[in-house]
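Scroll down for the structure; my scribbles are underneath it.
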Amino acid sequence: MQTSQKHKITGKCIDWPVQELESYCWPPNQSLEPYQSGSDDGSNNVQHSVPNLERYCTLDSSSSMQNSSSTASFSPDGSPVSQQNYTYPLDLHHSPENTCASPISGSCVIDNENDLGLMIRQLETTMLGIDSGDLDLHAIAASGRATEVSVEAERWKYMKEMMARGDLKELLCTCAKAIESNDMYMTDCLIAQLRQMVSVSGEPMQRLGAYMLEGLVARLASSGSSIYKALRCKEPASPELLSYMHILYEICPYFKFGYMSANGAIAEAMKEESRVHIIDFQIAQGSQWLTLINALAGRPGGPPSIRITGIDDPTSAFARGGGLEIVGQRLRKLAESCKVPFEFHAAAISGTEVQLENLGIQPGEAIAVNFAMMLHHMPDESVDTQNHRDRLLRLAKSLSPKVVTLVEHEANTNTAPFIPRFLETMGYFSSIFESIDVSLPREHKERINVEQHCLAREIVNIIACEGQERVERYELFGKWRSRFIMAGFTPSPLSPFVNATIKTLLQSYCDKYTLEERDGVLYLGWMDRAIIASCAWRC
């Protein structure tokens, strides 16, 4: 750790305590029940549509929205004024000076008619001997309606003050809470306000807020899954996307240093082996193995023969401009230039479908299994009865590997309920966006593309989707530790040489990046927030 105060990473990984959640949402004892508006036939109907959602979209969610005619604004005194056709009760106290037209139902207003009714009942009690209990009940009901009006007034006063503060984090959280509580009128007001505050070209929180707001809008429209798939299919041509990914890889050392530490663990485990088989469960571009092949080429006594099994979902072909054979050709060309015996075995298959026969295991080879930014995409016991997350660990264990490496996001978005997950996402990605701002000038023409094509899709999926549609399911290292131990693995601490090498290289980056090694696990972070955890395991 390079800061003066050591950061203690615990199971609670958000930037502020969970108990502070209410301070970002509603004041104490404030109801979030949906508003009721009068319909044309005089009956009350709960409004469940968010007006004009298509005007709030920054990505591709607009195609999934339904048009609505209502809008929301605020009067000069801060009270909500809706353009919906609310039906108001007769209010004998109404005057031109009374401009606060809050959308409340007739049951929330006490007028002269109520006073008249009360006097009539009092007269009936005196003359006819009606049970005084009826009078008490009526008085209590009238008092309750008055309290209801008071609560609503306080709530809108709080909303006015919150909007005046202009705290983007507070407004985003309040909007998420309104959505969770199905308060569609309040949601509409907040989305309209937030749209004026976020920007994909602004400060880090404004940029992150734009994508988080997009996730909230997509959650309302149940379009998160379609956006996630659309962004994957509508990526730029592979050379452009590779350029964006390379920029992110270079300016933010999180992924690079995670891969480097995994390579160091594999090189250490294979230093005496002559035949090495690396099974990469999500090989992507294969960039991780370029440095390892170079390193093994200079090994004393000569390089081993290397065989790499590259597994990847066939839908990832868009990022390469073709199938896995492109990765094989690239790695084979490098191995030939380094005079390293090399083979490549492609397995274009989803991780949920991988079986032993797909791995091409051969006798006499030392096996290394690599899980780099892959396992969090696998559904676990909370999503699927097959629990592919743990199944793949058991499959790896059955191979008796020399080493298994894990590189994962240090965050909790898997089983966390919506609001804690929303806060976790905000805290985690705000650190990443801040680090991008330091490494890449805000006016850099490619920065928006880097953030939109490499980060936004994950943010929207975490916020907008549930169940099997939510595939970005990060877990804290404590949970991964339990899974590995349950599968029969024991920790294999990274060597001091690997740690020292990474610490030296990190010095070329901003001093706000932090590196901490605890119990054999390497944590790379931004300031006081851990971002990536990297570790190794053995049978």
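The values are calculated or read from the model by the stated rules, or taken from the named source; none is laboratory data. Because the structure is predicted, anything quoted here is derived from the model rather than measured. Positions of Cβ are backbone-derived with ideal geometry, glycine not excepted, and every protein chain shown enters the neighbour counts. Note: areas computed on protein heavy atoms with side chains; ligands, DNA, RNA excluded. Shrake-Rupley method; radii C 1.70, N 1.55, O 1.52, S 1.80 Å.
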With a 21 Å threshold on alpha-carbon distance, the violating pairs from Lys256/Lys512; Lys271/Lys339; Lys402/Lys479; Lys157/Lys177; Lys169/Lys445; Lys271/Lys402 are Lys402/Lys479; Lys169/Lys445
Quick one: Karplus J couplings for the stretch 245-257, per residue in order, coefficients 6.51, -1.76, 1.60, θ = phi - 60°, nearest Hz, x for Gly and Pro? 5, 5, 4, 4, 4, 7, 7, 10, x, 3, 6, 4, 6
Taking the simple approach of a point 7 Å from Cα along Cα-to-Cβ for both Lys512 and Glu268, what is their distance in nm? 3.1 nm
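Applying a 10 Å radius around every beta-carbon, put 211-217, 411-417, 254-260 in order of their mean neighbour count, most first. Write down the numbers at each step before the final one.
Working: 211-217: 27.1, 411-417: 19.4, 254-260: 22.7.
The most tightly packed comes first, giving 211-217, 254-260, 411-417.
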Förster-model FRET efficiency, 35 Å R0, Val471 and Leu356, C-beta, rounded to 0.05: 0.90
Hey, for a label at Glu343 modelled as a point 7 Å past Cα toward Cβ, could you say which residues of the stretch 278-304 have their backbone N under 16 Å away? 278-280, 304
Whole-percent carbon and sulfur contribution to the accessible surface of the stretch 365-450 (1.4 Å, no ligands, DNA or RNA) stands at 49 percent
Simple label model, 7 Å out from Cα along Cβ direction - Ser243 to Glu446, nm: 0.6 nm
Take Arg275 and Arg394, extend 7 Å from each Cα along the Cα→Cβ direction, and tell me the distance between the two endpoints in nm. 2.9 nm
As an exercise, identify the trypsin sites (Lys or Arg not before Pro) in the stretch 394-496 lying in DSSP coil whose Cβ has no more than 15 other Cβ atoms within 10 Å. Arg442, Lys445
